[in-house]
Amino acid sequence: MALVRKELARVIVLDISSDYIKAGWAGEDTPRCWVPAILVREREEKGESKGGESGEGEEGGFLVGEKALTFLRERHRQGGEVKGVEIIYPVRKGRVVEWEAIVYLIRYIFVEELKVGSAPDHTVLVTDTPMSSEEYRRKLSMRMFSEFRLPALCIANRATMALFDSGKSTGIVLVTAGDISHAVPIYNGFALPHATISSNVASEVVTNMMKSCFHRMNFKEATEATWAPVIVDMMRKSCFVISLAKRRELLMDFISIRNENKSRKKEMGILLDPNALARRIDNRIKKNENAEDLKRYRTYALNNLADRVLEIAEAGNNEDYKETLRAEKKALKVEESLLYELPQNSEGKIVEVHDLLRYITPEALFAPSQLLGNRFKELGLQDLLYRSIKMCDSHLENVILSNIVIAGEITEMPGFSQRLQQELEHLFRNMFKNSKSVNVVSTLRRKDSAWRGGSMFATLPTFNKIRFTREKFQEDEKVVLKRYF
């Protein structure tokens, strides 16, 4: 028994998502490392990679993780372009899409971060996206065993691990990372696949809007890949989510501003009305334009609205709007104004991140069609949860609504959990007389809750029955997949 406990204590936990790979040891409270899920390789003009032998932070000529982001930041500081630079994001929509690249990253984690060598003699628990297929899990298992010669493996649902971290076994989890969000109802530790749904509304929607805004501010290179780490950092430090009530007040102020400024009334009316905006865009964009062009133009229209409001705000005609926003910042304990240094060239440039950028771009998480146009059909996060809950059996709705767990870095944005609570109370207002029936569980550390849940899960006595060995998998893959998933 002592040997089993010692073995379980040395389980490696890997949480793989679109933005980071978090790794560490089971039983610990914090991951040992956060490695950005990105690889970068600079190529010569003839197509051959620069540099000689691979060093620390380099695998097969690639810069890995934080070194890759540092390279992009420096290229951005020098005003360089990404031409001749190969950038690989191995995980998209929560799934591995570049298998060789993910092997590079995991090998780097094993060798450089955890110091266990390229073929660790440790069981590994790896998290999996909530809607993965049997074929995907088979390929993931095959790669982990063949590339790293692991003795045993466990593949666990990221949402289930996040729920375990909250100390619950029944509830619904909103897990969001990078470019996708999932709503996963769970009953007695088992996810309900028929009610698990996803949306492309996640932090990437916010950062893409911020890129477009800076592009409009004459930072024409803002859409280049070298800007990606800069925009993400700016979003983390500056953005906040306003309450549902304040959002309505601020929208009313927009309408008041439109009425006061009669010379722009027609133009403002088009920009404030999503349906009118959609008709205008339909008239201006050809049918054969791709979806990305369409989304960029909708962001451009939003920026026009921000420009109009900013002009009037600077003229001093909307003190009520200013006071409302000031009170909201105070309640959320965010800075009144925020200066950010852009690493532009060697001298740098300090810009003020305007309020409209700070609180309007996160609104895309809750009202994506209003900001990106009616053709953007993805569900807002509160609607994603609502639809998932209504797909569950009616007798489960009460217990699930009382245990709504949120996970992912974007959910730590100031005001996010309060706003989600308000949105859900509004959606379920006819179902409950008491708003306390809806409970969003918001722990302090939501960005690594899936990893921490996996860390705890791997120390349980039952974990030894759930993992499967390399020998079993090699004997009969189908039997293993049916038994352990």
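Scan the range 350-382 for residues that are without any contact (Cβ under 8 Å) to a residue 24 or more places away in the chain and charged (D, E, K, R) and jot them down.
Glu352, Lys377
Would you mind telling me which numbered condition in (1) within 22 Å of Lys22 (Cβ to Cβ); (2) at pLDDT 95 or above Pro185 fails?
The one condition Pro185 does not meet is (1).
Got a number for residues in the range 179-199 being open to solvent by 10 Å² or more (accessible area, probe 1.4 Å) and within 16 Å of Ala364 (Cβ to Cβ)?
Matching residues across the range 179-199 total 1.
Surrounded by fewer than 21 Cβ atoms within 10 Å (Cβ to Cβ) and more than 18 Å from the chain's Cα centre (by Cα) - does that describe any residue in the range 404-416?
no
Considering only the range 156-163, I want to know if a residue exists there that is assigned to a strand (DSSP E or B) and open to solvent by 20 Å² or more (accessible area, probe 1.4 Å).
Yes, the conditions are met somewhere in the range 156-163.
Is at least one residue of the range 421-439 open to solvent by less than 20 Å² (accessible area, probe 1.4 Å), aromatic (Phe, Trp, Tyr), under 18 Å from Pro185 (Cβ atoms) and over 25 Å from the mean Cα position of the chain (by Cα)?
Checking the range 421-439: at least one residue is open to solvent by less than 20 Å² (accessible area, probe 1.4 Å), aromatic (Phe, Trp, Tyr), under 18 Å from Pro185 (Cβ atoms) and over 25 Å from the mean Cα position of the chain (by Cα).
Within the range 7-21, identify whether any single residue is assigned to a loop (DSSP other than H, G, I, E, B), among the charged types (D, E, K, R), open to solvent by 50 Å² or more (accessible area, probe 1.4 Å) and modelled with pLDDT of 95 or more, and answer yes or no.
No - not one qualifying residue is present in the range 7-21.
Can you tell me which residue among Val111, Val173 is under 20 Å from Leu14 (Cβ atoms) and under 23 Å from the mean Cα position of the chain (by Cα)?
Exactly one of Val111, Val173 is under 20 Å from Leu14 (Cβ atoms) and under 23 Å from the mean Cα position of the chain (by Cα), namely Val173.
Among the residues of the range 440-484 satisfying the criterion of being touching a strand residue (DSSP E or B) at 6+ places or on another chain (Cβ under 7 Å), among the hydrophobic types (A, V, I, L, M, F, W, C) and modelled with pLDDT under 90, which is least open to solvent (accessible area, probe 1.4 Å)?
By that ranking, first place goes to Val480.
Which residues, taken from the range 238-265, are in a helix (DSSP H, G or I) and at pLDDT 90 or above?
Ser238
Quick check, is Ile155 in contact (Cβ under 8 Å) with a residue 60 or more places away in the chain, farther than 30 Å from Leu342 by Cβ and in contact with an Asp or Glu (Cβ under 6 Å, 6 or more places away or on another chain)?
yes
Does any residue in the range 119-132 that is in contact (Cβ under 8 Å) with a residue 12 or more places away in the chain come within less than 7 Å, Cβ to Cβ, of a residue that is of a type in the set (Ser, Thr, Tyr) six or more places away or on a different chain, and which pairs are these?
Pro130/Thr196; Met131/Thr196; Met131/Ser198
Please determine, by comparing only the residues of the range 368-390 that are small (Gly, Ala, Ser) and open to solvent by less than 10 Å² (accessible area, probe 1.4 Å), which one is modelled with the highest pLDDT.
Ser388
Say whether the condition of being within 26 Å of Lys139 (Cβ to Cβ), assigned to a loop (DSSP other than H, G, I, E, B), modelled with pLDDT of 75 or more and among the aromatic types (Phe, Trp, Tyr) is met by at least one residue in the range 88-110.
yes
Going by the structure shown, is Asn304 modelled with pLDDT under 60, out of contact with any Phe, Trp or Tyr (no Cβ under 7 Å at 6 or more places or on another chain) and open to solvent by 20 Å² or more (accessible area, probe 1.4 Å)?
Judged against the criteria, Asn304 is not a match.
How many residues, within the range 127-150, are surrounded by fewer than 16 Cβ atoms within 10 Å (Cβ to Cβ) and touching a helix residue (DSSP H, G or I) at 6+ places or on another chain (Cβ under 8 Å)?
Here the count works out to 4.
The values are calculated or read from the model by the stated rules, or taken from the named source; none is laboratory data. Remember, it's a predicted structure, so these values are computed and weren't measured experimentally. Positions of Cβ are generated from backbone atoms using ideal geometry, with glycine treated the same way; all protein chains shown enter the neighbour counts. Ligands, DNA and RNA are stripped out before the accessible areas are found, and what is left, the full protein with its side chains, is counted by its heavy atoms. Shrake-Rupley method; radii C 1.70, N 1.55, O 1.52, S 1.80 Å.
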